[in-house]
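Worksheet: one structure, shown below.
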Amino acid sequence: MAGPHDVGIIGLAVMGGNLTRNFARHGLTVAGYNRTYTRTAALLAAEHDRAHPGRGCITGVRRLEDLVAALRRPRRILVMVKAGAAVDDVLARLTPLLSSGDIVIDGGNSSFHDTDRRVVTAGASGVTFVGMGVSGGAAGALYGPSLMPGGPKHAYRSLARLFTRTAAMADSGPCITYCGRGSAGHFVKMIHNGIEYADMQIIAEAQDLLRNGLGLPASAISDVFAEWNAGELASYLMAITADIVRAPDDLGENGLLLDQIDDVTGRTGSGRMVPQAALELGIAVPTITAAVDARLLASLPELRQRLARRFAPAPRPMPQRRAAVRAIGEAVLAAKICAYAQGFQLLAEAADVLDYGTDLAEVARIWKAGCIIRSEFLDEVRTALARAPGPDHLLQDAAFGRTIRRCLGGWRRTVQRATAQGIALPAISASLAYFDTVRRAHLPTNVVQAQRDLFGAHGYQRRDRHGRFSSSWSVASTTRRRPKGGDRHG
Ligand code: 6PG
């Protein structure tokens, strides 16, 4: 085995394997361990067959003890195993082998609650545990991911020295930043994934409306997405969907691959954590929740088939192309702004309440490249968040305000059209309802307050004076009226 290695990686599946190769190509010496050695051997063999600068920088080890022995101190070990019990299992075996000052980094999509717990457990042995979001899928891991580490600042400095060169490069610099104290790294990645769910669902809804509402053929839809991708809606997800919608079936004779793909969605749970955290922190994220719900509803195919037979007909296309397509584009942009406003509001709350101290503009910056939600749009988000004093909600930003005003008519027409045709737009319409709620100075929740006071004496505040009030509601409640035929219960 060569001299002390810079970094250890545990878990050499797609993400861990590609990060290992990425690190090696950037001149880091890496010791890799996988539960089953066959995967390690396959990685080494594949690297051996390739001629590139990183060749020879990877050492495969068969035991965790060998991994620990191979590393320079303080050791830096990146764990890339499935979020959940597997991380605890690795930590239980690894921590007793480590020394005080060593750093273990979890690069999976772990729950921030789990990270908080692991910080304490590892800390008891003097080991620093860092939660780090890693985004970009297989290609990102290989060619440059967006990296979102949190935890103690000293650990970040130590990691940044190694990882910065391996991260994606945006026009504003490498896509790595200090996300904040404690479990901030995993919280930031969770928000990324919630926004990812929303972005994907919004584009899917636009596709549905273009196809089933306007009757556009796949090639035309692909062209629309490509056109949007050349403008203010430019993003990685828009670009790949332009290709997806026109891809021919690679197994069949004719037709589109998309038509053969079952609509039951896979999910590893990373997006679902956002509504859970949002409820815990008391922040509404209805666009993201709608995207999560859409996946849950998609996973009920039998029920949907039965109800489709019962409540058909399927939507009839109502062609009326140009203006309607433009309106859908406006709805997509406005809904996207709402999703980001919600995600960043939740992150701002966590930065405050959970004491992360996250720099929100920096988060927008490191999402500009490498990650799944990368887009031009993130420049505007960053600019808005960096303005001093920054808006405490993206909808308060003047530039986003102008965009929303410009898109509002098309957004409403799109939701109206879809509703008339019986095509659900869960994320786009949840965003509109969100906007129409947060822009109202007075909401009908005064009725809810009155109801609560009437039946529970919960009290309420008045608009015209200070203090807390409760009324003796002497209304002749219909519930007290005697039922027809007499009240048998007295
Ligand atoms: C990323 C992605 C990735 C996530 C997949 C699948 O940033 O690279 O967010 O981490 O695992 O997108 O997520 P779901 O299975 O929850 O759709």
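A few remarks follow.
- Enumeration of residues in the range 264-284 that are within 16 Å of the ligand (Cβ to nearest atom), at pLDDT 95 or above and either in a loop (DSSP other than H, G, I, E, B) or among the hydrophobic types (A, V, I, L, M, F, W, C) (or both): MET273, VAL274, ALA277
- Out of LEU296, LEU256, LEU281, LEU303, sole residue that is among the hydrophobic types (A, V, I, L, M, F, W, C) and closer than 18 Å to SER183 by Cβ: LEU281
- Sole residue being at pLDDT below 95 and assigned to a helix (DSSP H, G or I), chosen from ALA433, ALA420: ALA420
- Among the residues of the range 361-385, the one identified as more than 16 Å from the ligand (Cβ to nearest atom) and of a type in the set (S, T, N, Q) is THR383.
- GLY173 being away from the ligand (no atom under 12 Å from the Cβ) and at pLDDT 95 or above: yes
- Scan of the range 190-217 for residues that are outside any helix (DSSP H, G or I) and touching a residue at least 60 places away in the same chain (Cβ under 8 Å), ordered by number: LEU214, GLY215, LEU216
- Identity of the residue in the range 1-22, among the aliphatic types (A, V, I, L, M) and closer than 18 Å to LEU94 by Cβ, that ends up surrounded by the fewest Cβ atoms within 10 Å (Cβ to Cβ): ALA13
- Qualifying residues in the range 87-97 (those that are in contact (Cβ under 8 Å) with a residue 24 or more places away in the chain and out of contact with any strand residue (DSSP E or B) (no Cβ under 8 Å at 6 or more places or on another chain)) - the one surrounded by the fewest Cβ atoms within 10 Å (Cβ to Cβ): PRO96
- Test: residue in the range 194-208 that is away from the ligand (no atom under 16 Å from the Cβ), outside the structural domain of GLY357 (by TED's automatic domain parsing) and of a type in the set (A, V, I, L, M): no
- As for the range 339-359, it holds no residue that is within 16 Å of the ligand (Cβ to nearest atom) and outside any helix (DSSP H, G or I).
- Odd one out for LEU296 among (1) within 16 Å of the ligand (Cβ to nearest atom); (2) over 27 Å from GLN421 (Cβ atoms): (2)
- Filter result for ALA291 (of a type in the set (A, V, I, L, M), in contact with a Ser or Thr (Cβ under 6 Å, 6 or more places away or on another chain), within 16 Å of the ligand (Cβ to nearest atom) and closer than 30 Å to LEU147 by Cα): no
- Counting the residues of the range 227-263 that are more than 16 Å from the ligand (Cβ to nearest atom) and farther than 30 Å from PHE187 by Cα gives 22.
- Those residues of the range 104-119 which are more than 16 Å from the ligand (Cβ to nearest atom) and either over 26 Å from the mean Cα position of the chain (by Cα) or over 25 Å from GLU65 (Cβ atoms) (or both), in sequence order: HIS113, ASP116, ARG117
- Residues of the range 358-416 that are surrounded by 19 or more Cβ atoms within 10 Å (Cβ to Cβ), within 22 Å of the chain's Cα centre (by Cα) and among the small types (Gly, Ala, Ser): ALA364, ALA369, GLY370, SER375, ALA384.
- Matching residues in the range 152-170 - criterion: being away from the ligand (no atom under 15 Å from the Cβ) and not in a helix (DSSP H, G or I): PRO152, MET169, ALA170
- Scope the range 366-410; condition within 28 Å of ILE240 (Cα to Cα) and not in a helix (DSSP H, G or I); matching residues: TRP367, LYS368, ALA369, GLY370, CYS371, ILE372, ILE373, ARG374, SER375, GLU376
- In the range 178-199, the residues that are hydroxyl-bearing (Ser, Thr, Tyr) and buried (at least 24 other Cβ atoms within 10 Å of the Cβ): SER183, TYR197
The values are calculated or read from the model by the stated rules, or taken from the named source; none is laboratory data. Just so it is clear, the structure is predicted and the values come from calculations on it, not from any experiment. Note: ideal-geometry Cβ built from the backbone for every residue, glycine included; neighbour counts use all protein chains shown.
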